[in-house]
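Below is one structure, written out as structure tokens; the observations come after it.
Read-outs throughout are calculated quantities, based only on the coordinates presented, and are distinct from any laboratory measurement. Here the structure is a predicted model, which is why all the values come from computation and not from measurement. With ideal geometry, Cβ positions are generated from the backbone for all residues, glycine too; neighbour counts draw on all protein chains shown.
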Amino acid sequence: MWPHTVTVWCRDDNEHYSPCIVKGCLWEDRRGEQLRKTGATAANGVKIYLPITAQVRAGDYVAMGAIGEPVNTARDIVALGGLRVSAADRLEFGGLPHVEAVAG
């Protein structure tokens, strides 16, 4: 469906991270500026479109590509290029049900 492969590290209640490689994703880098009353701030981030079967939620980590390195902490994931997911929504309506996640 989509051309990218993404690694998702799902966080459990004990702060352990389990990797899951998801194929058929769309990784979209977003670069820009956000204007506020106090001035302009950077609004860089990533929007990822994943198959509806993907399990991802806020607090998990994502990275582009299939990463098989063992990790113990979130710091290890960030060192591998992982980004923290700030929001994830399941969009099950229309002709293309998918999960839309935002990370940065």
statement: Largest fluctuation, VAL78, VAL56, VAL22 only, Gaussian network model of the chain with Cα springs under 10 angstrom, belongs to VAL78
message: Expected output is a single nm value to one decimal: the length gained when fully extending between ARG57 and GLU69, i.e. 0.36 nm times separation in residues minus the C-alpha distance. What is it?
response: 2.2 nm
- line: Taking GluC sites (Glu not before Pro) as exposed when in a DSSP loop with at most 14 other Cβ atoms inside 10 Å, the chain has its longest clean stretch at 16-91
message: Which of CYS10, CYS20, CYS25 has the fewest other C-beta atoms within 10 Å, and how do the rest follow up to the most?
response: CYS20, CYS10, CYS25
Globularity ratio of the chain, using Cα Rg and 2.2 N^0.38 Å: 1.12
